[in-house]
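Report on the structure given below.
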Amino acid sequence: MVEQRPWLTVFSHAVLIAGILVVGFPLYVTFVASTRSLEDILSVPMPLLPGDRLWENYSQVLAAGTTKGVGAPVGRMMLNSLVMALAIACGKIAISIVASFAIVFFRFPLRNFFFWMIFVTLMLPVEVRIIPTFKVVSDLGMINSYVGLTLPLIASATATFLFRQFFLSVPEELAEAARIDGAGPMRFFRDVVLPLSKTSIAALFVIQFIYGWNQYLWPLLITTDESMYTAVIGIKRMIVAGDALTEWNLVMATAMLALLPPAAVVLLMQRWFVKGLVETEK
Amino acid sequence: MRCGVGTIFCVASKPQINRRVEKRVVFRSAWLPYALVAPQIAITLVFFFWPAVQAGWYSMQLQDAFGERTQFVGLANFAALFADANYLYAFRVTAVFSVLVAATGIAVALLLAATADRVIRGALAYRTLLIWPYAVAPAVAGVLWLFLFAPSIGVITFALRGVGVHWDWLLQGDQAMLLVVLAAAWKQISYNFLFFLAGLQSIPRSLIEAAAIDGAGPGRRFWTIVFPLLSPTAFFLLVVNMVYAFFDTFGVIDATTQGGPAGATQILVYKVYYDGVKGADLGGSSAQSVILMAIVIALTVVQFRYVERKVQY
C-alpha cells in the first residue's frame, strides 16, 4: 500500500466480500440442497438453511446411487475419477519431464522436429478430433478401461513447455560440474534436475490432477458401462428430464462429492500451486 | 525477458532469444535422447496426429445411413456445411458466447485482483475463498447454475419472478445463453484472478510509489502504470479464455442446455459432437472437426504475431 486512503480500503474489502459471496452462492445452495429432502427442494422457494438429511443423502449416493437415472454407487465413480486423475497427472509429468530433459540437455538430429511435434498438439484438443480418436481407441480395444480413459490424454504440450522453460533457467555450471565429476546424463537428471524441479512438479500436479478429475467429453464417449463412470459423468446421468423428476437432493450431494477432492487439492496445495505459477512466470 | 505465463507463446514468438539461450551443449548419446522423447512422441502420434489425419480423410467421404458403404466426395461435405444455415448460426453463437465468457471472466477477475492486491488484512483468506471454483469441473459448474436457474424450482428463478422477470431458459434462447455464459465465466474467474494477482505482485512497488509521490491518484496509477504492465498477462488470459470458451465449455453446455433451445447455445464443439455421435454423420462431423482445427491454428498464428508487436514487456 502506497498511501492511506481509508475509503478506498473499505471499498476494496467490500468488493472482495461481495465477490466471495457471489462466487460462493452456487456452492452454498448446492450444499443446502444436499442436506434436504426432495420435498423441501420442490417446495418453491426452497429453504436456504441446511437441513438434517446430510448423512442420509450422502450415504445413499455413496453406497447405492440414485433410484431414477443411473443406479451405480457414487463411491465407485469417485474411485474411477481418482484413478483417472492420478494416472493423468503422474503420466503427463513423467513423460513431459523426460522429453523436455532430452530436448534441453541433448543435441541430436530431429530435436527441433520433435519439439514442434509436441508443440502442435496444443492445436489439436480432444474436442476437435472426437470421433477419429474414439475410433482409434475402440480399435485398440480400450473402451471401458482405465487405459482407454487415461492414455490418450497423457501427452502434454503445456507440461513439456513449462519444464523446458525451467530447465533453460538451470545454470549451465551445474551441468558442467556434473560432467566434470563424471556423472552421466541420467545421474544428473536424478540428482540435480529432479530435486530442482520439485516446485514445478507440484504446481503441474495440482493443475493436471484437476484436469484429469474434471474430464468430461472423453469419459462420456469411452465409458458405456456404469461401473466405469467417473463422478462428473455420473452427475450428468442422474439428471433426468424435467425439474420435478430429478432427485435433486441426491444430485447435489453427488455434485458436492465430485467437487470436493479437486477443491481440496487446490486449497491444501495452494502455497505450492501459486508459488509454482509465479515462478514459471520469470 | 518477462515471458509471462505464456511461456508457450514466447517460445514461438521469440526464436532469436531462444537461440541465444540454447547455446549450452551438454550431454551426448546416440540413443538416450530418442528413448526419452519416445513415450511423448508415441502418444502424440497415435492419439493426436493419426486421428487428425483421419478426420481429414473422413471429411471427404460420405457414408450411407448404415455405415456400410463410403464414397469419396471431395469437398462436398464442406460445401454442404457452409450452405447450412444451422452451421453458420453455430458460428455466430460461438462468437457471441466466447466473447461474453472471456469479457465477463476477465473484467470481474481484474476488479477482484486489483482490490485483493490493495488489501493487506485478510489477503490470504480472500485469495483462498476466491480460487476454489478453479477446481470445479465445467459440467459440475453447469449443474450448479442449472439448479439455481431451474425454470420451476430454481432459487434465482423464484427471486426473478418476484421482480417480474419471467425466467424460462427452456423456451428463451437469450436466457439460455446467459445461463451458460454465467456458468462458464464463473468457473474461469478464479483462474484469471490468480494470474492477474501474480502479475500485479510482480510490478515493482517503486514505480507505483514514484507515481504516488508525483501526485497520481489510485485510478490514474492503475490506468497509466499498472494496466499497461499487466497487458501481457491480460493478453495471455484473453487467449486462454477464448480457447476455454471454444473447447472446454463442452461440459457446461452438455450438462445444462445441450445446445438448445433451437440451437441458441449450440457452439461449434457441441455441434461436432452432436452431429458425429448423436447424428452419426461421420463425414459432416469430421469436416466440422477440420474447420475447427483450422480455426485453432489460425487463432494461434495470429496471436503470436500480435503478441510480438503490440504487447510490451
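Overview of results
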| quantity | calculated |
| --- | --- |
| Unique match (being among the β-branched types (Val, Ile, Thr) and either touching a Ser or Thr at 6+ places or on another chain (Cβ under 6 Å) or touching a residue at least 40 places away in the same chain (Cβ under 8 Å) (or both)) among B:Val101, B:Val53 | B:Val101 |
| Condition check for A:Gln215: assigned to a loop (DSSP other than H, G, I, E, B), modelled with pLDDT of 85 or more and not hydroxyl-bearing (Ser, Thr, Tyr) | yes |
| Index of the failed condition, B:Phe236 passing every other in (1) closer than 15 Å to B:Pro138 by Cβ; (2) part of a helix (DSSP H, G or I) | (1) |
| Where a residue in segment B:147-171 is among the aromatic types (Phe, Trp, Tyr) and its partner, wherever it lies, is surrounded by fewer than 16 Cβ atoms within 10 Å (Cβ to Cβ) and not in a loop (DSSP other than H, G, I, E, B), with Cβ under 6 Å and at least six apart | B:Trp167/B:Leu160 |
| Residues of segment B:253-270 satisfying the condition of being more than 22 Å from B:Ala287 (Cβ to Cβ), more than 9 Å from every other protein chain (Cβ to nearest Cβ) and not polar (S, T, N, Q) | B:Gly260, B:Pro261, B:Ala262, B:Ala264 |
| Qualifying residue in segment B:96-114 (condition: more than 8 Å from chain A (Cβ to nearest Cβ) and of a type in the set (Phe, Trp, Tyr)) | yes |
| Residues that are farther than 10 Å from B:Phe47 by Cα, more than 7 Å from chain B (Cβ to nearest Cβ) and touching a residue at least 60 places away in the same chain (Cβ under 8 Å), drawn from segment A:104-155 | A:Val104, A:Met142, A:Ile143, A:Asn144, A:Ser145, A:Tyr146, A:Gly148, A:Leu149, A:Thr150 |
| B:Arg205 within 11 Å of chain A (Cβ to nearest Cβ), out of contact with any strand residue (DSSP E or B) (no Cβ under 6 Å at 6 or more places or on another chain) and basic (Lys, Arg) | yes |
| Single residue of segment A:170-198 satisfying the filter (in a loop (DSSP other than H, G, I, E, B) and within 11 Å of chain B (Cβ to nearest Cβ)) that is farthest from B:Pro33 (Cα to Cα) | A:Pro171 |
| Residues of segment B:144-158 satisfying the condition of being more than 7 Å from chain A (Cβ to nearest Cβ) and not in a helix (DSSP H, G or I) | B:Phe149, B:Gly154 |
| Residue check for B:Val243: part of a helix (DSSP H, G or I) and surrounded by fewer than 20 Cβ atoms within 10 Å (Cβ to Cβ) | yes |
| Any hit, segment B:128-143, residues being away from every other protein chain (no Cβ under 11 Å), in contact with a helix residue (DSSP H, G or I) (Cβ under 6 Å, 6 or more places away or on another chain) and of a type in the set (Gly, Ala, Ser) | no |
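To keep it simple, each residue is scored yes or no on (1) over 26 Å from the mean Cα position of the chain (by Cα); (2) of a type in the set (A, V, I, L, M).
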| position | (1), (2) |
| --- | --- |
| B:Ser190 | no, no |
| B:Phe195 | no, no |
| B:Ser202 | no, no |
| B:Leu207 | yes, yes |
| B:Ala210 | yes, yes |
| B:Gly215 | yes, no |
| B:Gly219 | yes, no |
| B:Thr224 | yes, no |
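The values are calculated or read from the model by the stated rules, or taken from the named source; none is laboratory data. Note that the coordinates shown come from a computational prediction; the quantities given were computed from them, not determined experimentally. Quick reminder, even Gly has a Cβ in these numbers, built from the backbone with ideal geometry, and neighbours come from all protein chains shown.
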